[in-house]
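The values are calculated or read from the model by the stated rules, or taken from the named source; none is laboratory data. Because the structure is predicted, anything quoted here is derived from the model rather than measured. Heads up, the Cβs are rebuilt from the backbone with ideal geometry, glycines too, and the neighbour counts pull from every protein chain shown. These accessible areas exclude ligands, DNA and RNA; they are computed on the full protein's heavy atoms, side chains included. Shrake-Rupley method; radii C 1.70, N 1.55, O 1.52, S 1.80 Å.
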Amino acid sequence: MKKSDGLLLLCVALVAALFAFVPQAGAFYNQATASHPVVMSFFKFAILSTLGEMIGLRIRRGVYVQKGFGVLPRMLIWGVLGVFIWGAMVVFKAGTLKLYELLGAPQAAQWFAFEGFSWGKLCVAFSVSVLMNSFFAPVFMTFHKITDTHIQQTGGTLFGFFSTPIPVGKIITGLDWKTQWGFVFKKTIPLFWYPAHTLTFMLPSNYQVLFAAFLGVALGVILAIANNKRDN
């Protein structure tokens, strides 16, 4: 284990201890999430999902940061994506419940609002997850890959990122679609994201975005595996 690994584990332990032993921390989180959902979504994803990519880099290259990695532009992009993910969660939850209503099951809203576990709630949560990941996730993943490529091509700096327009057409043409489709879309969406976001939507609403952001750590590991498959 490297010194950087120990520091990361220490930071995680300190944050966990803060929420475990300081009741005001949890109260502040809940209040901030309820009052400022957009801002909180930005920072949750900016921090946690960027951390996930750093862990992915650690798996691939043995370091958390390297020249051109671009921690700041990655945090900015993840923050913006986090806001869109929050919006998608709101839209697909409401849309799925409306769909259930139109299909003759208006009681789905009551199932979904139940605070504990029920099979009805599980069914609705799974439905929300399938719809969101089938329609929103591929677009989100492709956009993230485009911005990620642009960050790498512009040296990993905020100035480089904003000083050069993103060549979307060129980047899309050059993407490794075999890996993007065959692994990222075809395998991770049904095998990981469907069940992962089903669990997300089973949680209390004030923790759903936080848990979704924690899944960004898992995404970093998944992307590391995808890159290793491509390199091999």
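According to the square roots a ≥ b ≥ c of the eigenvalues of the Cα gyration tensor, what is the shape class of segment 1-109, taking rounded for a/c under 1.5, prolate for a/b larger than b/c otherwise, and oblate for the remainder? Because a/c hits 1.5 or more and a/b exceeds b/c, segment 1-109 counts as prolate. Taking the helices alone, the chain has a mean residue ellipticity at 222 nm of -25500 deg cm²/dmol, built from -39,500 (n - 2.57) per DSSP H run of at least 4 residues and averaged over all its residues.
Between residue 113 and residue 101, residue separation times 0.36 nm minus the direct Cα-Cα distance comes to 2.9 nm. Note on residue 18 and residue 164: with the Förster distance fixed at 35 Å, the Cβ-Cβ geometry gives a FRET efficiency of about 0.30. Helix screen, the chain: DSSP H segments with Cα axial length of 30 Å or more and mean Kyte-Doolittle hydropathy at least -1.0 are 37-61, 71-102, 205-231. According to the square roots a ≥ b ≥ c of the eigenvalues of the Cα gyration tensor, what is the shape class of segment 122-232, taking rounded for a/c under 1.5, prolate for a/b larger than b/c otherwise, and oblate for the remainder? Taking the square roots of the gyration eigenvalues as a ≥ b ≥ c, segment 122-232 is prolate. Between residue 157 and residue 94, the FRET efficiency estimated from the beta carbon spacing at R0 = 35 angstrom works out to 0.35. Structural descriptor for segment 26-86: relative contact order 46 percent, calculated from alpha carbon pairs under 8 angstrom and at least 6 residues apart. May I ask for the net charge around residue 50, where only other residues with Cβ less than 12 Å from the Cβ of residue 50 are counted and Lys, Arg are +1 while Asp, Glu are -1? Charge balance near residue 50 sits at 0. Placing pseudo-labels 7 Å out from each Cα toward the beta carbon at residue 178 and residue 9 gives an inter-label distance of 3.8 nm. In the chain, Cα pairs under 8 Å separated by at least six residues give a relative contact order of 31 percent.
Sites count as exposed loop sites when they are trypsin sites (Lys or Arg not before Pro), lie in a DSSP loop, and have at most 13 other Cβ atoms within 10 angstrom; the longest stretch of the chain without one is 68-232. The alpha-carbon of residue 44 sits under 19 angstrom from the alpha-carbons of these aspartates and glutamates, leaving out residues fewer than 8 places away in its chain: 53, 148.
Principal semi-axes of the equivalent ellipsoid, √(5λ) from the alpha carbon gyration tensor of the chain, are 31, 23, 17 Å from largest down. Per residue, the chain exposes 55 Å² of solvent-accessible protein surface, assessed with a 1.4 angstrom probe and all protein chains in place. Once neighbouring chains are kept in place and the probe is 1.4 Å, which whole percent of the accessible area of the chain is contributed by carbon and sulfur? For the chain, the apolar C and S fraction of the accessible surface comes to 72 percent.
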